[in-house]
Every structure is written in C-alpha cells, then in structure tokens.
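The values are calculated or read from the model by the stated rules, or taken from the named source; none is laboratory data. If you're wondering where the values come from, they're calculated on a predicted model, not measured in any experiment. Cβ coordinates were reconstructed from backbone atoms using ideal geometry, including for glycine residues, and neighbour counts include every protein chain displayed. All accessible areas refer to the heavy atoms of the entire protein, side chains included, with ligands and DNA or RNA removed. Shrake-Rupley method; radii C 1.70, N 1.55, O 1.52, S 1.80 Å.
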Amino acid sequence: MSRGSWAEFLFRMSLWLYPIAFRRAHGEEMTKVFRDMEQRAVARGQHNRFLLAALRDALVGPVEARRQPIYEPPAHLQPTREALMTTIPHDLKLACRRLVRNPLFTLIAVFTMAVGIGANTAIFSAVYGVLFRPLPLDEPDRLAALSLHRAEVPSDVMGFFPAHLEILREGLEGRGFEGVTSFLWESVTLEGVGAGEGDAVEIGTVAMVDGSFFQVLGAPEPLRGRWLDERDVVPGHRGQAAVLSESLWSTQFGRDESLVGSTVVFDGHTTTIVGIAPEGVPLPRPGVSLWMTQGWDPLDRSLWGRLAVFGRLMPETTFAQAQGTLATVADELTKTNRRLTGYAVSATGFEDGLVGSARPALMALAGGVALILLLACANLASLLLARVSRQRQDVATRRALGAHWRHLTSQQMAESVVLALLGGGAGLGLALALHRALTSLGASFLPRTGDIRLDLPVLAFALAASVATGLVVGLIPTLHIFAHDLASTLRGVRSVGGGHRTRGVLVATQVALAVALAVGAGLMARTLLELAAVEPGFRTEGVGAARVYVDDERYGEDAQQRLYFGALLDQLRSRPGVAQAGATSGLPFDPITIDYDLPYATRGQEEDGARQAQFRTITPGYLEAMGIPLLRGRALDSRDRETGERVALVNEAMVRIAWEGEDPIGDTFSIYGGNRTMRVVGVVGDLAFRGPADVARPEFYVPYDQHPFSAMTVVAKAAHLEDGSAAAAGAARAISESALGLDPRQPVHSSFTLASLQSQALDQPRFLTLLLAAFAAVSLLLAAAGIYGMLAGWIADSRRDLGLRLALGAKGRDIVSLVVRRGVVAAFVGAVVGLVLARLGAAYLVPFLFGIEAGDPTVHVVVALIAVALSVGVSLLPAVRAGRIEPSRVLSMD
Amino acid sequence: MTSRTLKSREFHVLVALADEPLHGYQMAQRMEEDSEGRMRIMPGNLYAILQRLTDEGLIQPLARSPRGPSDDSRRRYFELTPAGRRALASEGLRLERLSARLRSRRLLDLDGEEAAP
C-alpha cells in the first residue's frame, strides 16, 4: 500500500474518538505505526485480517485510552458476564426509582425525547406509508408508466392517442412487455337509483379503462363481484360496465349488497355494476371513485392526447431493455403522425410515477426531523451529564471501592434507555396529532395518504428509535465517568473543566441544529411569500368557474356545441349577479387542464417542432372575466364567426419568440402543418399558467366558434366584489344553476372559485413551511432550554468561585456578563456551525424554493441574529441570579 | 504505584522493552515474535497502554533516537524506567511461582504464556 490508503484515512478519522491530549501526544506516531503494519499485512497477504483487527482497535482503543488502570480490580473480583447480565433488571428498577425521585428532571427529559421521537415517528409513518409500504398489486415493480414526451424535454409530456394503442400493443407485447393497458380521467353524473329523486350527482375521479386494465396492473381480489375485462368493452362505446369504489358504494348506495349485477344510470347510459373495489387500491392511484369501460374510437377527437398508458414487463426484462423496445415503437409512432416528430416514449416505474413527486418533500421533512432527534439527544445527554457531575463524588467512591466499570455503565445506560422509552411512549401521542395534521394538510398532493398509518412497522420504528437514542445518549455521560480524574475528585478538588466543556459542546450542537432548521423554515417561508405575491397575469377576485363537458351523444356535432355554450353564456350574463362570463379550453392553475402544445410556423417558415405554443380556444368575454389584459389590437368578439376570417390572439411571450418583439398584428401564422392559417388581431398579457412558479409560455387564443371543443371551463365574474369569497362562490353557483336551467341532463362537472385554485397551488409549499416552522420553533425552544440548563449547572458548580470574586470586589454586573458570555459563546459557535449545516442541507430544499436563493444572506443573518438574541435572553435569567449571590453565605457554606 | 497486577498486554510491552529501547512498530513486532504470533496489537490499544505505563512511571520516552539524527523524527523510542524493571521482575517472579505450582501438580509440560489475566 502506498502512503494514505483508505484504511489509513479511516484510521486518522478514528483518532478523533480519543481524548484530545492523547491524540496530540500520539496521533502522528500511531498513524505511522498503522501504515507500517498495513504494509506488512499486505505483503503477507493478510490485509483483510488486518482490517478486521483495525476495526476492533478503533472501538477498543478510545475506551482503553480513557481507562485508569489503578482501579482495575484483580481478576477474582471481576464480575462474570453472567453476573453482569443478571444486574440488568436491577439496574432498570434502580433507574426507575431514581427517575421517580426527580419528577421535574424526568418530566423535562421525557418531554424532550417525546418531541424528538414523536416527530420522527410521524414523519416516518408518512415516508414509510407513501414511499415504502408495498403496493397491494401483483409484482408492482414490473409495472411501467409509459409517457410520450418531447425527446429533449422529458417534462414536456403529452397524452397518447387512441390510434397509438394499436402500434404500442403490436410493438411491445411479447417483446419485453406482457401487456399494455390505457385509461383516462373523466367525471360522470349519476342519475336515478343512487342519487336522490330527480337529482344528478357529479362523480369526479372516474377512470375510463380498456379491457385489460385490471389484469395488466395486477389488481388484488375485488371486495365484491369481479373486475372489468374484455367482455365488458364495446368498441366506440363507453360505460357498458363499471366497478364502484367502496366509498361510493357506501355514500350513494348504502352498501346495498344487491347492487352487483344490477344497472345504474351514468351520464344517461345504463351501466352494469360488476364489482366493488376495496378502499385505497392504487388503480392507478388511490381515490378513484369509479372504473368504467370504454372502447377507444380513434376518430373521437375528444380522446386525442388524453390517454395514459401502463405496461407490465415480462419477468426477466429490465427497464433498460424495455427502453430499447420503446425507442423502436416511438419511431413507428412518429412515422404515422407528423406531429410527433421529435417525441420519444419512456418507461418509468409505476410506483415512482405514483409517489415520486412526493419523495423530495418527504425526504426534506425526514432530514428536518432527524435534526430534531439529534437535538433532543444532545439535550438529554446534557441533562444527564449535569446529573453525573453532581454525583461525581458518589461514583468516584464506588469506583474506588472496586465497582466494576460495566456496572456503572449499565446503570447509566439503564437510566437513559428508560427515559428514551418513556419519551417514545409520550411521543406516540404527539405522533398521533402530527399524523392527523400530515394527512389533512398533505391530502391534496401527497399520494397514498390512506397508507399513512400508525401501525406495527411504525410502532417498531418508534421502539427501535427509543432504544437506540437511549443507548447513544447514555454513552456520553458514561464516557464522562471514565474521563474524570478520580483521585482529585476523591480529594474533593472541584475541577470546573471536563463536564462543562462537554455540555458546552452539546449546547452548541443544539443551537447549530436549531439554526439549520430555522434557516430551512425561513427559506420556505420566503418562498411562500414570493409565490403568494406572484402576479399570475389574471385576477381571481370574485371569479367562479365550472367544468362543463358536454355529452357526446346530444352535443357531438360542432354546431350543437356552439349552440350549447352560446346559450349557456347568454343565460349566465343575463343573471344580475354576474358581470362577465366566458369559457376556455384551458384554465390557468387548474391541475386537471390539458396542456396543449402545438408546433406553429410564422409566415414564410416551416413548422419544425422546435417552436411550440399553448393552444386555447376561448369565447368572447373570457379575457374580461379573467382580467387578462389586452395590450394591443382588439379582443375576440361576435365578428369572429365560424365563417369569418380565422383570427387569433397571441401573448407577449409568443410575440417575443415568434416575431422577435416586432408588432405581430395583421401578420399570420399557421398550425397543423400549414393546414390552418390565422391572422393575429390582438396581443394579450402573459400568464403563469401551471402555477405561480411557472414561467410565461407562448400561448395563442382562437375564437370558440372557429374551433369548438366539448370540454370547456366556464368562468363568471361576480358583479359585486365587495362580498369577497362569497361573491366568487355565488358566481360559481350561478354557472351550475344556468346549466341546469338550460338542460337538466347536462349538469356541470365541478365548480370552484379561482381563489381556491390559487390557494391549492400553494398547498405543498405551505405544508413544508408550516412543518419546518413548527420544527424550527420546537428546536429553538429546546436549544434555549439547553443553554439555560448548561448555565444553571455551571453556576451551581461555580458558586464558591463566583462568591469569591464578588467578595474580592467584582460587581454583580461583572458576574452577569461572565455568565451571559458563556451562553453567547456557545450559541455563537453553534450558530456559525448551524449556518454551514444549513448551507449543506439546503440542497434538499432547492427543488421547492422560488424567488429566493438557497444561500439567501438575509434569511441566514436573521436566523443567526434570532439565535444569538435568544441565547442572550435565556442566559440573562440565570446570570441575574448569579449576580445576586451573597459572598458571605456561599463562602461560609463549605 | 505498581502493587496492582499487570495486564497481559502491558506485561508483554515491558518484556519487549527489556533488552533495548524500541519505537511503537518495533514493539508490536517484538511482541508478536515473543508470543509466537499469538499477541497481535494494534496502534490504538498499543498507545493507550504506552500512555498508561508512562503515567505510572514504568516506561519513559527517549528524548532522541538511539540511532542518531538520521532516524525518522516522528518515531519516539520508549525505554524501561527502574520502576518498570522492578515491576517486570516482580511480575516475572509471580508468573514463575505460578508455573512452578502448576508444574509440581504435573499440569504443565511446556512453558505457559497465558498465566496473566
């Protein structure tokens, strides 16, 4: 081995486990001996044996280096291993008795551990439930979600077309894939049986599936009846048969056992119910209310770009191999459809697709609570240390009388383990409360919230965490027992060194961890403020919205759709409470809006796929209702009929890219490979379309009459905005009422206010901010308690010394500043280390940050100042008391 | 100071130093040879023992290398102090008495090694 092998590096690291003086005296030489020995071992071909011996040495050496041999009892007095084991119950009993005798100490210690273990248990339940709990599907790791996306921008995803499925099936089945299935999200209305008399009930989250869906996903046994299969599919038709979720079965059908096999009317069609699904099955994610069959019709335009596809890999196929097959299939797809030039198909793991989006947030939280546990450990260690130094005389006497070190150790350990277990028990209560907060706050964006449970694996975690922290925490005072110079303790020399230095280090550690957490919370809070302050390009005040997906059968023709939406908007505008109304194919901030990116060409150029813009069809009145500003030219109005000149509005982002900032009004551009040309008549403002953190994308708007669409979102702006959120809700209700008045069999699919949409967009940052802020507050509190405890302990041990100083003429405020300085120095060191820690840990938060750098100096400085200010405040309490020590009393006591 | 029983490894360190001052690596090698390969000691343990024996005044580090200034300055050599020689002798005697007793009861045919605790 040449100089500096990896083992030697680890050996150098292990030197930090030795006492400082020892390391200074021998460290260099030990490293040299280590290197010589390693060289010889390698030469003799005994390297592995050497490494094992080195590992043992790294554990034994630091203990040996602390052992003071004069007190080693002779062999016949050494207790046997059995004797040591039998004392454990006794030690536990003793520990309990000591804890009962010091209720205040026990209460504080248990509370500290409860916070640490409780927070960790709750977050563990979420991490385990969402990321690790096995999915109730057959071999879910063989399931792949296929996505169609721009080759160079994997995040730019488009749905599949019904026509693609044939190509996918032919290209994949038998070539690494066992089966392929597709589905799309829909919502339907339930009429008759289940719903009340004459009412229609809207059912969201409906999965329209093909015949192989349940078989390909490997669904578990249904609760009642059977799953859907090929028998239930009629090409070109939807809703032949359906499976209900358990919750829908309960809420709408009162768990009617005769339901399976009978028929129900959805969207005006008679549907046979063939089975009931157990709650929480991820098909393809938990929370689906209804599964219905649909035979895809390749000519049905409303399905284009909306299908999601899953595949099941053959047992021996890897994802990498599957990717190869997918590349060939992608080629085939682009050959049949010019629009897909530059697109690729990729496979991601099913589970990854289901929960992958939640992983960063959960991991950031797991990191945060791990810091809290460390902090709680440091806090408890510091408390125990204070006790040990108070019992120093007692321990020293017992050691001098021949008490074996293992006995003393095991007593210390027993106490800290009992404390940690009690803390863990109390922590479960906290975990329960946090668990509730987690599942309700995270419901909108955490997948599998139903799988977040406090059950056996989670309880096992809490127990393991308690025992492990108990042992680790117990180690510090134990090492301290052996580090102390026994002879001088017995002689009554009060050294104010060792224990207080260790406590200082522990307190600094607590401050560092609290500061790191507080910086994280600060960054997230700033992000939340920045996100809330974003001008999204539209106004939400008083605006209500409703999704209206017209029935294919009665409104299948373009002309019927024009008539329906025209009449609906007329009726809506005639209502006194509504100021403006319009409809769009894509509402900003709406999580279920379809992204519709189209390649376009400006005059004299070819479509190359590199330039794409978001396509939306809107009715007159939409821009006004949404408050999207018209910057130049004119808005769309009644002139823009089906037969008139094809026109469009473009947004500023599109002007920047397509016309390089020149005035586009009067110019034309084309889509669909030059098959449709439009004249630009106006320029409108940019939108943050997908949410406040989105950048402005190129967009163009075409008149609804020239491009009808069956799935629209209708928006209405209230006439009286002073009513606040009630105004918006009223506007949303107005849409539903107008729709019901127009055609009772065509109700709206869901209605909501734009303000609620905007608030939802902030759910995840709000969730992270709230939790991190709570963690930071708790940890600052613990750190403050740590500083207080350290100073109080030091003052108690130094009363004589302080009294002497006062007797010799020191002023009370000198003593105060002496004490405060001790607290502030520890806090300052901790704050500096904490800032470094925060800088390293910020990498976990980067994906969530918006409008602020991970290294934002203001947040760092403010947090550091808070920490130091807190330390001054909390140091003043014991300091002022120390300043009032009466020298005569203290000095006469000894 | 030395009324206590020496531990086996400590005794072996003293034995290794009986002839001449040695540095750490030489001691480890010498101990291995003396014990016919049965006593292998690693740096952490070795220096903990050296520190302890130094604290008790049984050995002391040499101010400079016995091989002159050409030797690696990081190598510190240790030698026995007079107290160390006495401790070594008394431990040797104790072991000898023990082996004599074993031999008188015909329990020992070869020279024993592991008599110390």
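Odds and ends about this structure:
- C-alpha center-to-center spacing [region A:506-572, region A:783-814] in angstrom: 56 Å
- Shape call, region B:8-104: gyration tensor on alpha carbons, a/c limit 1.5: prolate
- Based on C-alpha pairs under 8 angstrom that are at least 6 apart in sequence, chain A has a relative contact order of 15 percent.
- Cross-link partners for A:Lys811 among the aspartates and glutamates, with Cα-Cα distance under 15 Å and sequence neighbours closer than 8 places in the same chain left out: A:Asp801, A:Glu886.
- Normalised alpha carbon radius of gyration of chain A [divisor 2.2 N^0.38 Å]: 1.21
- Descending semi-axes in Å of region A:543-760, equivalent ellipsoid built from Cα gyration tensor: 29, 20, 15
- Each of A:Gln323, A:Ile203, A:Thr181 was scored by the projection of its Cα onto the charge dipole of region A:162-336, and the greatest displacement toward the positive side belongs to A:Gln323; charges sit on the C-beta of Lys, Arg, Asp and Glu.
- Between helix A:319-336 and chain A there is an angle of about 20 degrees, using the helix long axis and the longest principal axis of the Cα atoms.
- 5 Å binning of all Cα-Cα separations within region A:581-637, expressed as whole percents from 0 upward: 4, 15, 19, 20, 20, 14, 6, 1
- Loop-resident trypsin sites (Lys or Arg not before Pro) (DSSP state other than H, G, I, E or B) in region A:666-747 with no more than 12 further Cβ atoms inside 10 Å of their Cβ: A:Arg745.
- P(r) tail fraction, region A:280-402 - alpha-carbon pairs more than 23 Å apart, %: 66 percent
- Stokes-Einstein D for region A:162-336, Kirkwood Rh over Cα pairs, 20 °C, 1.002 mPa s (µm²/s): 126 µm²/s
- Over region A:821-894, the ratio between the Cα radius of gyration and 2.2 N^0.38 Å evaluates to 1.70.
- Region A:6-66: radius of gyration over Cα atoms, expressed as a fraction of 2.2 N^0.38 Å: 1.10
- In terms of accessible area, using a 1.4 Å probe and ignoring ligands and nucleic acids, A:Asp551, A:Asp814 rank largest first as A:Asp814, A:Asp551.
- Net dipole in debye of region B:8-104 [+1 Lys, Arg Cβ; -1 Asp, Glu Cβ; about Cα centre; nearest 20]: 200 debye
- Between 0 and 90 degrees, the angle of helix A:405-441 with respect to the longest Cα principal axis of chain A falls at about 20 degrees.
- The separation of region B:13-91 from region A:1-63, counted between C-alpha centres, amounts to 18 Å.
- At an R0 of 56 angstrom, the distance between the Cβ atoms of A:Leu10 and A:Val862 translates into a FRET efficiency of 0.90.
- Per-residue ellipticity at 222 nm from helix content only, as computed over chain A with -39500 (n - 2.57) for each DSSP H run of at least four residues, stands at -17500 deg cm²/dmol.
- The label-point distance for A:Arg690 and A:Glu541, in a model that sets each label 7 Å from Cα toward Cβ, rounds to 3.0 nm.
- What the pair-distance distribution of region A:656-812 shows, using all Cα-Cα distances binned every 10 Å from zero, is 7, 17, 19, 18, 10, 7, 8, 7, 5, 2 percent.
- The Cα-based radius of gyration and maximum Cα-Cα distance (Dmax) for region A:282-343 are 15.3, 38 Å.
- Residues of type lysines that B:Lys7 reaches as a straight line, Cα spacing below 30 Å, ignoring anything fewer than 8 places off in the same chain: A:Lys32
- Dipole magnitude of chain A, debye to nearest 20 (Cβ charges: Lys/Arg +1, Asp/Glu -1, about Cα centre): 6380 debye
- Eligible aspartates and glutamates near A:Lys93 by straight Cα distance, threshold 12 Å, same-chain separation 8 or greater: A:Glu415
- Centre-to-centre separation between the Cα atoms of region A:822-894 and those of region A:355-394: 17 Å.
- One chain, two ends: A:Glu28 and A:Asp141. Fully extended at 0.36 nm per residue, the span grows by 35.5 nm beyond their Cα-Cα distance.
- Accessible area that becomes buried as B packs against A, both chains, 1.4 Å probe, Å², nearest 100: 2600 Å²
- B:Gln29-A:Glu202 pseudo-label distance in nm [points 7 Å out on the Cα-to-Cβ vector]: 8.7 nm
- For region A:229-294, convex hull of alpha carbons as volume per residue, Å³: 89 Å³
- FRET efficiency, A:Arg603 to A:Val836 (Cβ-Cβ, R0 60 Å, nearest 0.05): 0.55
- The calculated FRET efficiency for A:Arg821 paired with A:Val472, based on their beta-carbon distance and R0 = 25 Å, is about 0.25.
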